[in-house]
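What follows is one structure encoded as structure tokens, with my remarks underneath.
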Amino acid sequence: MFIAIYSKHLMKYIDEAKIHVSAGDGGDGAASFRREKYIPKGGPSGGDGGRGGSIFALADRNINTLVDYRFARIHRAKNGENGRGADCYGKGADDITLRMPVGTVIANAATGEIIADLQRHEQKVLLAKGGTGGLGNLHFKSSTNRAPRQFTPGEPGEEFDLKLELKVLADVGLLGMPNAGKSTLIRAVSAARPKVADYPFTTVHPNLGMVRVDQNRSFVMADIPGLIEGAAEGAGLGHRFLKHLARTRLLLHVVDIAPLDQTINPVREAKAIVDELRKYDESLYQKPRWLVLNKADLLPEIEREKICKKFIRSLGWKEKTFIISAISGEGCNELTYAIMDYLEHESAKQEE
């Protein structure tokens, strides 16, 4: 069942691809002389070669997957035309523009060097430059060389193997074990409608939701597949998508405070998530992180506060904590307003 679910959705959300880009070569310059009636001593007339086509990447907010580049891996621009006689210059080749999702990181596959990070709509970057056209012999005419036969060939275009990696752009990222209620939370506070079910690994690709707090106040929340112990070494699905949390400004660690399975220890699971985060990326571990205790509606009301305090004490947690029920909406408003205030405060500090 797990493999079937994963393969079904893999085609819908592709966040990595490798492509080959090859810019066009410049056309060769020509060595030619005028041969016209009544002009017995026509001079050099060889034109320059045309410029080869270049390849660009363009960020497009209307695209949210790299799936096209899984099937179209080779992108080759045309060569420029060669120069001709009678002062005819070769025609330059058209450039190629590859439209990619905002958030795509483009790296040289051979060296790992980052070529571009597409962070805003309509951002355009050069991936491979087309070759310059060669010079025709008319450029070599001088008072001492009236019949030059020199010309230069066109320059070759650049050619690279590139790795594309999509990192979603979100202000807040959700992390936690499968079935912690992350998808239910993002459904409760935004218009996103990820799949929700009572079995693990329901989420198999990142979901983004716009959370509107007031008319002109909003932020983007990202839900990634749940992590399990050993995720940093490749277990489960979540490790593939942890990179999507790299751009977030705040992480919400969602914990199922009332697991139906009595053998599950929420404290041990919460610590395991923190350990996996640190193993995967220290910078991700250092990000601001709040604790969200979900499914509080399943706890006896008279014992709710006691159980939550015991959990926080056992976890050794000293940062902000919120107790919510995503399914009923209890505590969700307070959480979203606190997030909005925090993000605005951080933005104001950066502007100072």
From (1) at pLDDT 90 or above; (2) touching a Ser or Thr at 6+ places or on another chain (Cβ under 8 Å); (3) of a type in the set (S, T, Y), pick out the condition that doesn't hold for T132.
-> (2)
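Just give me the residues in region 257-294 being farther than 18 Å from L245 by Cα and under 32 Å from the mean Cα position of the chain (by Cα), in sequence order. So that I can check it myself, show each step before the final result.
So the first thing to find is which residues in region 257-294 are farther than 18 Å from L245 by Cα, and the list is 257-269, 271, 293-294.
Within region 257-294, E269, K271, L293, N294 meet the criteria.
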Given the conditions (1) within 15 Å of G173 (Cα to Cα); (2) touching a helix residue (DSSP H, G or I) at 6+ places or on another chain (Cβ under 8 Å); (3) buried (at least 19 other Cβ atoms within 10 Å of the Cβ), and given that I273 satisfies all but one, which numbered condition is not satisfied?
-> (2)
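Test of understanding: among F322, F311, which residue is under 19 Å from R187 (Cβ atoms), modelled with pLDDT of 90 or more and in the same structural domain as I224 (by TED's automatic domain parsing)?
Going through F322, F311 in turn, just one is under 19 Å from R187 (Cβ atoms), modelled with pLDDT of 90 or more and in the same structural domain as I224 (by TED's automatic domain parsing): F322.
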Among the listed residues R268, R289, R278, which satisfies the condition of being in contact with an Asp or Glu (Cβ under 7 Å, 6 or more places away or on another chain), without any contact (Cβ under 8 Å) to a residue 60 or more places away in the chain and more than 18 Å from I327 (Cβ to Cβ)?
-> R289
For region 67-80, enumerate the residues that are modelled with pLDDT of 90 or more and assigned to a loop (DSSP other than H, G, I, E, B).
-> R73, A77, K78, N79, G80
When region 141-166 is examined, which residues are found to be in a loop (DSSP other than H, G, I, E, B), at pLDDT below 90 and in contact with a Leu (Cβ under 9 Å, 6 or more places away or on another chain)?
-> P148, Q150, F151, T152
Q350 passes all but one of (1) modelled with pLDDT of 90 or more; (2) out of contact with any Asp or Glu (no Cβ under 6 Å at 6 or more places or on another chain); which number fails?
-> (1)
Within the bounds of region 124-139, is there any residue that is out of contact with any Gly (no Cβ under 9 Å at 6 or more places or on another chain), free of Cβ contacts under 8 Å to residues at least 60 places away in the same chain and of a type in the set (A, V, I, L, M, F, W, C)?
-> no
Pairs returned, first residue in region 303-326 that is farther than 16 Å from L251 by Cβ and in contact (Cβ under 8 Å) with a residue 60 or more places away in the chain, second residue that is of a type in the set (S, T, N, Q) and in a helix (DSSP H, G or I), beta-carbon separation under 9 angstrom, 6 or more apart or interchain, are A326/S183; A326/T184
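Going through K124, K141 one at a time, which residue ends up being under 20 Å from R61 (Cα atoms), in the same structural domain as S22 (by TED's automatic domain parsing) and charged (D, E, K, R)?
Values: K141 fails: under 20 Å from R61 (Cα atoms).
So the residue among K124, K141 that is under 20 Å from R61 (Cα atoms), in the same structural domain as S22 (by TED's automatic domain parsing) and charged (D, E, K, R) is K124.
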Hits in region 167-185 (condition: buried (at least 24 other Cβ atoms within 10 Å of the Cβ) and assigned to a helix (DSSP H, G or I)) | K182, S183, L185
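Kindly indicate which of D95, D87 is at pLDDT 90 or above, more than 30 Å from V267 (Cβ to Cβ), surrounded by 15 or more Cβ atoms within 10 Å (Cβ to Cβ) and of a type in the set (D, E, K, R). Spell out the reasoning first.
Values: D87 fails: at pLDDT 90 or above.
Unique residue meeting the criteria: D95.
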Flagged pairs (Cβ under 9 angstrom, 6 or more apart or on separate chains; first in region 90-119, under 22 Å from G131 (Cβ atoms) and of a type in the set (S, T, Y); second at pLDDT 90 or above and not in a loop (DSSP other than H, G, I, E, B)) are T97/I55; T97/F56; T97/A57; T97/L58; T97/K124
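The values are calculated or read from the model by the stated rules, or taken from the named source; none is laboratory data. Keep in mind that this is a model prediction, so the values were computed, not measured. All Cβ positions, glycine included, derive from the backbone under ideal geometry; neighbour counts span all protein chains shown.
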